[in-house]
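First the structure, in the form of structure tokens, and then the observations on it.
Only the coordinates and a few stated rules stand behind these numbers; no lab work does. Not measured: the values here are computed from a predicted model. Counting neighbours? That spans all protein chains shown, and the Cβs are built from the backbone with ideal geometry, glycine included.
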Amino acid sequence: MKSSRRTIVKSMFAATAITSMPMAWAADVVKIGYVSPQTGPLAPFGEADKWVIEQMKLAFKDGITIAGKKHEVQIILKDSQSNPNRAGEVANDLILKDKVALLLTAGTPETANPVSDAAELNEIPCISSVVPWQPWFFGRQGNPAKGFNWTYHIFWGLEDVIANFTNGWKSVQTNKKVGGLFPNDGDGNAWGDKELGFPKPLSQMGFTLTDPGRFQNGTQDFSAQIAAFKKDGVEIVTGVVIPPDAKTFLTQAKQQGFKPKVITLGKALLFPGAIEALGDLGDGLTTEVWWSPSHPFTSSLTKQSAKSLAESYETSTKKQWTQPIGFAHALFEVASDALKRSKSLKAADVRDAVAASKLQTVVGDVAWGGQGPFKNVSKTPLVLGQWNKGKKYKYELSIVNNETAKNIPADSKLRLN
């Protein structure tokens, strides 16, 4: 009885709070929530977010018109702290306390999956990115026949990263023996999955994979993996690891006399800061490139080309451009476009507008229901890059293979370490 009385009192208070607000203010503000890792080991994925949000404040300074009425736009950024539980908590706060109309999230399954789950559960539209679609979809127990009702995703898939990595490896002379570094997390379990991940296609292409098994993120000792790779004569190392683990592995490999011809790692080698932190070990490392100044796309919101967006970031932050800039920007492009087309700010109307998106963005075309394997996934292009000693910065990322996306120019060829 106590609890039901408490519930009644709480709901009366909530009702009072809502009705006592000036109605003009309540009706005139639209809130967009954004969850990304601002701190912790995944922080490089969120490094550019505050800059992008400042840019959006300028883009939205005159408000946006939704269902014939002008709305002020408020963007609320929350830090997942690189922790899945925290990501879910702050997503719930944005939905239940801040009453956001739309959730955005990016930066590995450890961030995007719990945020998407919170949105699905609370029936609030959510657009996510910067996770290959398999760990996002299957990692959330997605049913291919049904898909999800409230959550939509923009990114490439493991089939694309596998194609890019192997296209690069085929272009150089090796013994086709590959060592896999797959941690015990959402990405590692997907990349190492016998059916969804690397093992099956590598075998079909004549590569031999040595997979010493899953390890915990933050491990301090890769001796077992290095010993297994040396024993099997591995000349190519691949996997998907966090930046601190890449540094530990590469340092210990050098100390233990293991020098593969090609090192192609997802996640860890995406960011200029992580490569600089490797010192001389950074030269020649290869990774996937999901966005760069060379991408031939333009923002629907600010009309900046990818090149101009990257230059603007470098000028104002005095830092080297980083791949997540494009996708953080594109999430707001899609959000803005969907809100402007929405019949109202009711969650279902916003969701329907998101689902009907057909937009050319700074990361490429976004359209659900035709540009991906399932109705909730819209795929974007992917190419392969290599870090070389640079002119302006210590290391600069060159595109070395574009066989899967010919419209993105390659500026050099893959070279052996």
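What to note about this one:
- With 22 Å as the limit on Cα-Cα distance, the pairs of LYS261/LYS413; LYS267/LYS303; LYS57/LYS99; LYS200/LYS413 that go past it are LYS267/LYS303; LYS200/LYS413.
- For the pair VAL172 and ASP28 in one chain, pulling the backbone fully straight at 0.36 nm per residue adds 46.0 nm over the alpha carbon distance.
- Longest to shortest principal axis, alpha-carbon extents of the range 229-276, angstrom: 31, 19, 14
- Sequence of VAL30, VAL130 once ranked by neighbouring C-beta atoms within 10 Å, starting from the fewest: VAL30, VAL130
- Ratio of Rg to Rh over the range 259-372 (Cα coordinates, Kirkwood Rh, two decimals): 1.09
- All distinct Cα pairs of the range 129-181 go into the 1/r average, and the inverse of that average, the Kirkwood radius, is 13.4 Å.
- With only the Cα atoms considered, the range 321-417 has a convex hull volume of 127 Å³ per residue.
- For the range 256-266, putting each phi into the Karplus relation 6.51 cos²θ - 1.76 cosθ + 1.60 with θ = phi - 60° gives couplings of 9, x, 9, 10, x, 6, 9, 10, 10, 10, x Hz, in residue order, rounded to whole numbers and with x for Gly and Pro.
- Proximity of backbone amide H atoms, modeled 1.01 Å from N, is registered between VAL289 and VAL383, LEU384, GLY385 at under 5 Å, excluding neighbours fewer than 5 places apart on the same chain.
- When each of the peptides 238-244, 281-287 is scored by the mean number of other C-beta atoms lying within 10 Å of its residues, the order from highest to lowest reads 238-244, 281-287.
- Inter-part distance where the range 300-335 and the range 363-417 are each reduced to a Cα centre, Å: 16 Å
- About the Cα centre, charge dipole magnitude for the range 307-358 (Lys/Arg +1, Asp/Glu -1 at Cβ), debye: 120 debye
- Residue-wise HN-Hα couplings along the range 39-53, as the Karplus relation 6.51 cos²θ - 1.76 cosθ + 1.60 with θ = phi - 60° gives them from phi, are 9, x, x, 9, 3, x, 5, x, 4, 8, 4, 5, 5, 4, 5 Hz; Gly and Pro carry x.
- Span from the the range 44-87 Cα centroid across to the the range 89-118 one, whole angstrom: 12 Å
- The structure shown yields Cα extents along the principal axes in Å, and of the options (1) 71, 52, 38; (2) 69, 49, 40; (3) 68, 45, 38 that calculated value carries the label (1).
- Segment ARG214-ASP280, extension gain: residue separation times 0.36 nm, minus the distance between their alpha carbons: 21.0 nm
- Cα→Cβ-extended label distance, 7 Å offset, between LYS254 and GLU403, nm: 3.1 nm
- Exposed loop sites, defined as trypsin sites (Lys or Arg not before Pro) outside DSSP H, G, I, E and B with at most 10 other Cβ atoms within 10 Å, are absent from the longest region of the chain, namely 195-302.
- Computed over the range 89-129, the range of Cα coordinates on each principal axis works out to 25, 17, 15 Å, biggest value leading.
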